[in-house]
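Let me begin by presenting the structure, written as structure tokens, before commenting on it.
Where a number appears in this text, it was derived from the coordinates with a stated rule and is not lab data. Note that the coordinates shown come from a computational prediction; the quantities given were computed from them, not determined experimentally. Heads up, the Cβs are rebuilt from the backbone with ideal geometry, glycines too, and the neighbour counts pull from every protein chain shown.
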Amino acid sequence: MADKMLNTNSLPEGYRLVSKLPNLGFDGQELFVIVSENILYLISKKPALIPDMADEPGFDVYQSEYPLSSVSWFVDVVENSIWRSSAEGGLPAGKYHVVDRFGGEELKVSRDMNCGARYQKGISWKNLSRKPTGSTFGYQEKQLTDQVLREGGLLNILRSIS
């Protein structure tokens, strides 16, 4: 259950680029927020490590897909469960993730203390029901630094589409 890799320069009909922003905390990466009728796509692109094996000319591309109906849940989990202490109504002490299902897909949001770099705080958003494009194992995951969520405005962008 995985869509094909999208080309951010030529989206199919019915797909909309909501935002393109620097993926703060991941040097040289850009983050694309794209929506279709039922799916949110978070796509990060960085200069290709091995140009002959690039996903797009000159770029390595990482795509994660989530039911559009889960976006407001994600924002709520980050702001009210993960970023708050247990005393403030957040997750209980010792718990660092929340799991739920949307449209038959199992999603997990976790606190990540080494997001993109050692000791860089962030969030890991996993779709445990979808395999990475071109793979038969694993799950889709997007690591998002607190910096891109707050200063980069990604939470506000996600609020605007939920």
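Diffusion coefficient (Stokes-Einstein, Kirkwood radius over C-alpha pairs, 37 °C, 0.692 mPa s) for the range 13-162: 205 µm²/s, rounded to a whole number. Available extension along the chain between K108 and E79 is 9.0 nm, counting 0.36 nm per residue and deducting the alpha carbon span.
What do you get for GluC sites (Glu not before Pro) in the range 1-99 restricted to DSSP loop and a cutoff of at most 13 other Cβ within 10 Å of the site's Cβ? Passing sites in the range 1-99 are E13, E37. Largest GNM mean-square fluctuation across S44, S86, S36, computed for the chain with C-alpha springs under 10 Å, falls on S86.
Per the Kirkwood formula applied to alpha carbons, the range 64-117 shows a radius of gyration over Rh ratio, Rg over Rh, of 0.99. How far apart, in nm, are two points set 7 Å out from the Cα along the Cα-to-Cβ line at N9 and at A117? With each label placed 7 Å out from Cα toward Cβ, I get 2.9 nm. Its relative contact order, with pairs defined as Cα atoms under 8 Å and 6+ residues apart, puts the chain at 20 percent. Peptides 48-55, 148-155 ranked from most to least packed by the mean count of surrounding Cβ atoms within 10 Å: 148-155, 48-55. Loop-resident trypsin sites (Lys or Arg not before Pro) (DSSP state other than H, G, I, E or B) in the range 1-65 with no more than 15 further Cβ atoms inside 10 Å of their Cβ: K4. Name all residues of the range 138-161 having a backbone nitrogen under 18 Å from the label point set 7 Å from the Cα of D27 along its Cα→Cβ direction, giving them as ranges. It comes to 145, 147-148, nothing else. For the range 83-162, the orientation-averaged shadow of the C-alpha convex hull comes to 6.9 nm² (one quarter of the hull surface). Coupling constants for the range 132-142 follow from the phi torsions by the Karplus curve (6.51 cos²θ - 1.76 cosθ + 1.60, θ = phi - 60°), and in residue order they are x, 4, x, 10, 10, 9, x, 8, 7, 8, 10 Hz; glycine and proline get x.
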